[in-house]
Amino acid sequence: MLALLHTSPVHVPVFDGLRDEDHPGLRLRHVVVEELLERARVDGPAAVADAVRARVGDAVDAGAQAVLCTCSTVGQVAEAAAVEAGVPVLRVDRPMARAAVAAGPRVVVLAALESTLGPTLALIEEEAGQARRSVEARTVLVEGAWQHFEAGDGAAYVRRVAHAADEVTGADVIVLAQASMAPAKRLTTTPVPVLSSPRLGLAAAVTAGGL
């Protein structure tokens, strides 16, 4: 069984759909804790480290063979919980970051939340270091997008993200930093490759957990 740690319930049907498409029969356990993101935005990801470890521990006690954190803001502290958990604990955006580094040196990171930009940029630089590649990563905050998300207007949210992606120039690859942005990929018209994290992250978690 794979446990998924979410900070929004909107991710549940997305990952259920990916499971049905790519990994039929896989047992998923969704754990939604919205206050993790709320607190991390105010006090920083380190402030929720204990809470994340507790949730990961609960998932393992319930039978999880691996845990996937779908929130980019708290992904780093989730990965750190693997030491105590005794099972693989992955952040959903790491495979995407690895693919971005392989795509070319000019990486543009789009995010709807400012708290996501720093962790995602650090992750890309980490993956570049491991791959011994040089990258020139820059970030773009999609102004106004998160307000649509919070209001429950998913269509307006992804349209704004897609528009921001289409305005990017001078890039080899565009990274949609948050899992919730993934549907915007289908709306983009840019010739630049656009990467999102859910499908890649789920596949990595399945492999890591031997599921």
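The values are calculated or read from the model by the stated rules, or taken from the named source; none is laboratory data. Since the structure is predicted, the reported quantities are computational estimates derived from the model, not experimental observations. Methodologically, a virtual Cβ is constructed for each residue, glycine included, from the backbone with ideal geometry; neighbour enumeration extends over all protein chains shown. To get the accessible areas, we keep the full protein, side chains included, count just its heavy atoms, and leave off ligands, DNA and RNA. Shrake-Rupley method; radii C 1.70, N 1.55, O 1.52, S 1.80 Å.
Split the accessible area of segment 31-75 by element, probe 1.4 Å, and carbon with sulfur accounts for 43%. Any chance you could check the Cα centroid distance between segment 90-166 and segment 1-45 for me, in angstrom? First find each Cα centre; the distance between them is then 18 Å. The magnitude of the dipole of the chain, with charges of +1 and -1 set on the Cβ of Lys/Arg and Asp/Glu and taken from the Cα centre, is near 480 debye.
Look at the alpha carbon pairs under 8 Å that are at least 6 residues apart: their mean separation over the length of segment 51-176 gives a relative contact order of 24 percent.
With contacts taken as Cα pairs under 8 Å at a separation of at least 6 residues, the chain carries a relative contact order of 22 percent.
Spin-label pair ARG132-GLU114: with each label point 7 Å from Cα along the Cα-Cβ axis, the two points sit 3.9 nm from one another. Taking a sphere under 15 Å around the Cβ of VAL107 and counting the other residues whose Cβ falls inside, with K and R at +1 and D and E at -1, yields a net charge of -1.
What order do THR189, THR7 take when sorted by accessible area (1.4 Å probe), most exposed first? Intermediate values should be presented prior to the final figure.
Working: THR189 115, THR7 15 Å².
My answer, sorted largest first, is THR189, THR7.
By the Cα gyration tensor, segment 125-211 has an equivalent ellipsoid whose semi-axes, rounded to whole angstrom, run 24, 19, 11 from largest to smallest.
Solvent-accessible area per residue in the chain equals 45 Å², computed with a 1.4 angstrom probe and all protein chains kept. The fraction of accessible area contributed by carbon and sulfur in segment 121-211 is 49 percent, rounded to a whole number (1.4 Å probe; ligands and nucleic acids excluded). Helical content alone sets the calculated 222 nm signal of the chain at -14500 deg cm²/dmol, taking -39,500 (n - 2.57) per DSSP H segment of four or more residues and averaging over every residue.
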